[in-house]
Amino acid sequence: MSAVIDHGHTDHHHGPAKGLMRWVLTTNHKDIGTMYLWFSFCMFLLGGSMAMVIRAELFQPGLQIVQPEFFNQMTTMHGLIMVFGAVMPAFVGLANWMIPLMIGAPDMALPRMNNFSFWLLPAAFGLLISTLFMEGGGPNFGWTFYAPLSTTYGPESTTFFIFAIHLMGISSIMGAINVVATILNLRAPGMTLMKMPLFVWTWLITAFLLIAVMPVLAGCVTMMLMDIHFGTSFFNAAGGGDPVLFQHVFWFFGHPEVYIMILPAFGAVSSIIPAFARKPLFGYTSMVYATGAIAFLSFIVWAHHMFTVGIPLTGELFFMYATMLIAVPTGVKVFNWASTMWQGSMTFEAPMLFSVAFVILFTIGGFSGLMLAIAPADFQYHDTYFVVAHFHYVLVPGAIFGIFASAYYWLPKWTGHMYDETLAKLHFWMSFIGMNLAFFPMHFVGLAGMPRRIPDYNMMFANFNMVSSIGAFMFGATQLLFLFIVIKCIRGGKPAPAKPWDGAEGLEWTVPSPAPYHTFSTPPEVK
Amino acid sequence: MGLLLWLALGSAHAQWTVNMAPGVTDVSRSVFDLHMTIFWICVVIGVIVFGAMFWSMIMHRRSTGQKPAHFHESTTVEILWTVVPLAILVMMAIPATKTLIEIYDTSESELDIQVTGYQWKWHYKYLGQDVEFFSNLTTPRSQINNREAKGEHYLLEVDEPLVVPVGTKVRFLITAADVIHSWWVPALAVKKDAIPGFINESWTRIEEPGIYRGQCTELCGKDHGFMPVVVEAKSKEDFDAWLAERKAAAAAERELTSKEWTMEELMARGEKAYVTACAACHQPTGEGLPPMFPALKGSAIAKGPAEGHIDIVYNGKPGTSMAAFGKQLSPVDLAAIITYERNAWGNNVGDMVTPKDILDFSKAQE
């Protein structure tokens, strides 16, 4: 298998190529992982600045900064960029860097395709972002782009949006195929499936989810394209189509998609908590089965996003019960993490702080998810700020904190230096306070009756919106500190040993820090 | 965190509302009860799980000399914490199912109202009563743009609320004319998507007279935040009187069609009707928001032959946001709006479109 990385050079111990072409032509999983992570962080800042525009407009009632049509473009682009540009590429970046190191593989199984899947992303997002500067503006129909608002009533730039989604989809599918091929074929001798770190397990399952649902999204946007340009009526009732069909197709993609954004974080946290509790993960086997159960359930719950579209009573009941069931495997995971901490010998470095906050705050997001599953109650919650609070609780302290925890945990391995622990703790506490201040009050305004995606609101929602905005500004500004910490860590700092965390387990800690350009050219033996 | 802040400020002022209101119908109260039940279940589970985690974080630290234990699995507890949550969920599903069945029972209604969502207003039609009207936002632009103090019902006020009788099972037939909207009144716990080409059903029985306010809850374009729902519940007697009055007014409105109109009258009525029906897109200045919403000021259609102008207003422009207003507005309003558009903002075509022209046009269409 190591023949795959033979570049045809005569010098066997070559390092990276020099200059810009290193990055354009690279097939090295570490280089590609690094590019994915930087790309994701740029998108995180861009999507974040759009969130700042949204929160600035919502700081007070009345229209102050932007007009409704631009506000709608901001909410739409914020969602699209964060989902497809920030969270998903960050996890692919982590997968690229860590999966080969964790399973003792020399590289990803399909290195050239790996390069292509990354370089599709700048093209896709260049296309998407360019729509903001087009006449008529960018996508303004929400990241869920419900037809017919996005077809008959959409701006002209919608076609560019559709092609951007196609490119992202191709990139994701290729990335996922690569992950599956790597995990199933390149494991070191003795690395049986049930010995794999959970991050590898959750990514394997995530990759299958991606392969299953990204084509559905591609089909969905293709039908939009046909409706817009070729006179079909998939989603147009006047031509015999059905706008609700759009929602079924979209959410058949969309619900597994939300698990795609959280499962890898589950995996990372399942490595980090045992490392800092200095105690093995509790219930490894049940963690694997729970992840599988969550993935399976994700395919049969999509219509809980559509409780108010008028699906028949039996359908409504089925989707309510199925959705409530998700609480069971998710609960198992949370109980396992808590039991892993129990009677450990814990220290709280930045990766652990982010991981513990992940467990607690993600669980709060899970609670509001359980509330939303109750269909009759959902009639009151649906499309209000309660939903916004819910999914930001699972995505920000869920996905994003999971990514921060991973970044701090593996930065010493990536850079060969320890990051500044004091600054990292400051980053954690500012993020933690800012994030809760931003999103907790959204539960309140949602329950009080404030719909989502509105640029202006009645004064009864004013106070909590102001609190939310202050929290959001704080959270946003804090991320520049993260950038500073990472750059500082790359440029220098205390040299990191091969295994900087005394409780950490896994093959990635058997190679030196920083990890050499080529690792495991000879596969390690796993006992 | 927000909760702490709320306690610290110690204010019970309405602006710091933290919970759903129970509402004013049986259904809304059952929904509220479900909401509180599931909330308290979550609180109890949260206290146990987070309590254990915090206990562990305080007691099981390396700095206190704690040595790590080595246990890492137990099939018994895994089964236990699979089965117990499952049992709790089953207990929760029973009342939820009961309430859902009740919400879905739209039979035996005593009054049927068709609710149609338009960009960005609601249309109400009392089926079999010959009464229908649009309900538009009345909050003035000056309040939205912060040039004037905001009123108490800022963004939640309309020219014509939906009027319903109390103690009556009212069925709503909900649909839309352009994009998907969603009709929501929190106090009634009624939220149903309004979908073009499809009709959804919902119902309510309000006990107390009063005014209940809500908003559109499905993103429907630019002015999604500016299409409130206002329901006024009246006693049965008041409702009957109101309905009779509306029927008479509708008859009087039809009379107006045959009246001889002057240019000044049409322009005055046209300006008002334009502001409610057209200005959201084409702007009060007639300059529009190109390219989505073209300018009318100096437009070839507005300055061209009257037939073309009537045609686009009456039939709309398929494939764009321009709706067909022929079925939405009365012939009088259509005539007034078209006359206004042809003569305002320096368009000065000089001609006049009368309600009779509209009637002729609509006959020729059939």
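Taking the range A:375-395 as the range and being among the hydrophobic types (A, V, I, L, M, F, W, C), within 13 Å of chain B (Cβ to nearest Cβ) and under 30 Å from A:W203 (Cα atoms) as the test, the residues that pass are A:F386, A:V387, A:V388, A:A389. Pairs linking a residue in the range A:287-300 that is assigned to a loop (DSSP other than H, G, I, E, B) to a residue that is buried (at least 19 other Cβ atoms within 10 Å of the Cβ), with Cβ atoms under 6 Å and 6 or more positions apart or on different chains, are A:S298/A:H255; A:S298/A:P256; A:S298/A:Y259. Among the residues of the range B:298-311, those that are of a type outside the set (G, A, S) and crowded, with 18+ Cβ neighbours inside 10 Å comprise B:H309, B:I310. Within the range B:129-175, being under 27 Å from A:T308 (Cβ atoms), surrounded by fewer than 18 Cβ atoms within 10 Å (Cβ to Cβ) and small (G, A, S) holds for one residue alone: B:G167.
Against the definition (part of a helix (DSSP H, G or I), in contact with a Leu (Cβ under 9 Å, 6 or more places away or on another chain), farther than 30 Å from B:G316 by Cβ and not small (G, A, S)), how does B:T97 come out, yes or no?
In short, yes.
Scan the range B:103-128 residue by residue and report those that are closer than 18 Å to B:V231 by Cα and either within 14 Å of chain A (Cβ to nearest Cβ) or surrounded by fewer than 16 Cβ atoms within 10 Å (Cβ to Cβ) (or both). Passing the criteria: B:E110, B:V115, B:T116, B:G117, B:Y118, B:W120, B:L127. Among the residues of the range A:235-243, is any touching a Pro at 6+ places or on another chain (Cβ under 8 Å), assigned to a loop (DSSP other than H, G, I, E, B) and at negative phi? Yes, the conditions are met somewhere in the range A:235-243. Applying the condition of being among the acidic types (D, E) and within 14 Å of chain A (Cβ to nearest Cβ) to the range B:202-235 and asking which residue is nearest to B:T99 (Cα to Cα) yields B:E218.
Sort out which residues of the range B:204-256 are assigned to a helix (DSSP H, G or I) and within 19 Å of the chain's Cα centre (by Cα), and write them in order of number. Once the filter is applied, which keeps residues that are assigned to a helix (DSSP H, G or I) and within 19 Å of the chain's Cα centre (by Cα), the range B:204-256 yields B:H224, B:G225, B:F226. List pairs: first residue in the range A:365-384 and assigned to a loop (DSSP other than H, G, I, E, B), second residue surrounded by 24 or more Cβ atoms within 10 Å (Cβ to Cβ) and of a type in the set (F, W, Y) anywhere in the structure, Cβ distance under 7 angstrom, at least six positions apart or on different chains. Matching pairs, first to second residue: A:H382/A:F307. Restricting attention to the range B:170-207, the residues that are among the small types (G, A, S) and farther than 12 Å from A:A237 by Cα total 5.
Yes or no: A:V359 within 19 Å of the chain's Cα centre (by Cα) and facing chain B (nearest Cβ under 9 Å)?
Criteria met by A:V359.
The requirement of being buried (at least 17 other Cβ atoms within 10 Å of the Cβ) and either touching a helix residue (DSSP H, G or I) at 6+ places or on another chain (Cβ under 9 Å) or in the same structural domain as A:I99 (by TED's automatic domain parsing) (or both) is satisfied by A:A207.
The residues of the range B:268-283 that are over 23 Å from the mean Cα position of the chain (by Cα) and either farther than 20 Å from B:S362 by Cβ or not in a helix (DSSP H, G or I) (or both), listed by number, are B:A268, B:E271.
Among the residues of the range B:45-68, the ones that are assigned to a helix (DSSP H, G or I) and within 7 Å of chain A (Cβ to nearest Cβ) come to 8 in all. Take the residues in the range A:362-374 that are more than 7 Å from chain B (Cβ to nearest Cβ) and in contact with a Gly (Cβ under 7 Å, 6 or more places away or on another chain), then tell me which one is nearest to B:D193 (Cα to Cα). Applying the filter and picking the extreme gives A:G365. Here A:F125, A:F141, A:F145 are screened, and the one residue that is among the aromatic types (F, W, Y), away from chain B (no Cβ under 14 Å) and touching a residue at least 24 places away in the same chain (Cβ under 8 Å) is A:F125.
The values are calculated or read from the model by the stated rules, or taken from the named source; none is laboratory data. No experiment lies behind these values; they were computed from the predicted model shown. Every residue, glycine as well, gets a Cβ built from its backbone with ideal geometry; the counts of neighbours run over all protein chains shown.
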